[in-house]
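This report refers to the structure that appears directly beneath it.
The values are calculated or read from the model by the stated rules, or taken from the named source; none is laboratory data. Predicted model, so just to flag it, every value in this text is computed and none were measured. Cβ coordinates were reconstructed from backbone atoms using ideal geometry, including for glycine residues, and neighbour counts include every protein chain displayed.
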Amino acid sequence: MRRLLPFALLAALLGPAAGTGRPGGLSDGTLSVKDGHGVITIQARGGVIGSFAKGSVTINDPIDGDGTGPVVSGDEWSRDRNDTTTTWGGNKVRFRMIGGTFKIVVRGRGINLSLVGKGTVTLNGAGTDDDGTYSVNGGDYSPIPDYFFSFPLSAANP
């Protein structure tokens, strides 16, 4: 019994530290967008997977090597803005950015995406009758507003 006590104490001390030190920490929030129409801007640290029916995505990856880097497929054209920023566009484009810090701006229609991370999100619908819906941290889906609406994303925000 005495031999197990030090291991039990060590496990009790290291357990919480291991949980907070992992990538994608405990304070990460989630965002889901379904059939969006307008502009969605994400400045965060985490991971995002998305697609759109028609439009463009601009991805800024300011720190080389801190994640996968942008992965885009189905694009019909691309344009380098600078050393860290590229815009891709077309129909039925898919994109992802896993890990690290990034800024992503999606403009178009039929936008679907999932984000896990911590940062700032801005939604700005196109002003149609149906600009799509969004959900934060697993909550109910709400209509995307047709005005500039910005909020911090973390686990603490509903």
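Side notes on the structure shown:
- Failed item, numbered, when G139 is tested on (1) assigned to a loop (DSSP other than H, G, I, E, B); (2) under 20 Å from A53 (Cα atoms); (3) not β-branched (V, I, T): (2)
- Complete set of residues in segment 131-153 that are buried (at least 17 other Cβ atoms within 10 Å of the Cβ) and of a type outside the set (S, T, Y): D131, G132, V136, I144, L153
- Candidate set from segment 1-57 (those that are of a type in the set (S, T, N, Q) and either in contact with a strand residue (DSSP E or B) (Cβ under 7 Å, 6 or more places away or on another chain) or at pLDDT 95 or above (or both)); member that is farthest from G90 (Cα to Cα): S27
- Checked against (1) surrounded by 13 or more Cβ atoms within 10 Å (Cβ to Cβ); (2) within 27 Å of G74 (Cα to Cα), T128 passes all but a single condition, namely (1).
- Residue match in segment 28-46 (condition: assigned to a loop (DSSP other than H, G, I, E, B) and either surrounded by fewer than 16 Cβ atoms within 10 Å (Cβ to Cβ) or in contact with a Pro (Cβ under 9 Å, 6 or more places away or on another chain) (or both)): no
- Near pairs, Cβ below 6 angstrom, 6+ apart or cross-chain, from segment 92-113 (farther than 19 Å from A126 by Cα) to any residue that is assigned to a strand (DSSP E or B) and of a type in the set (S, T, N, Q): R94/S51; R94/S73; K103/Q43; K103/N60
- Search result, residues across segment 101-158 that are in contact with a Phe, Trp or Tyr (Cβ under 7 Å, 6 or more places away or on another chain) and within 10 Å of I42 (Cα to Cα): V106, V121, T122, L123
- Of all residues in segment 67-79, at least one satisfies being out of contact with any Lys or Arg (no Cβ under 8 Å at 6 or more places or on another chain) and within 17 Å of A44 (Cα to Cα).
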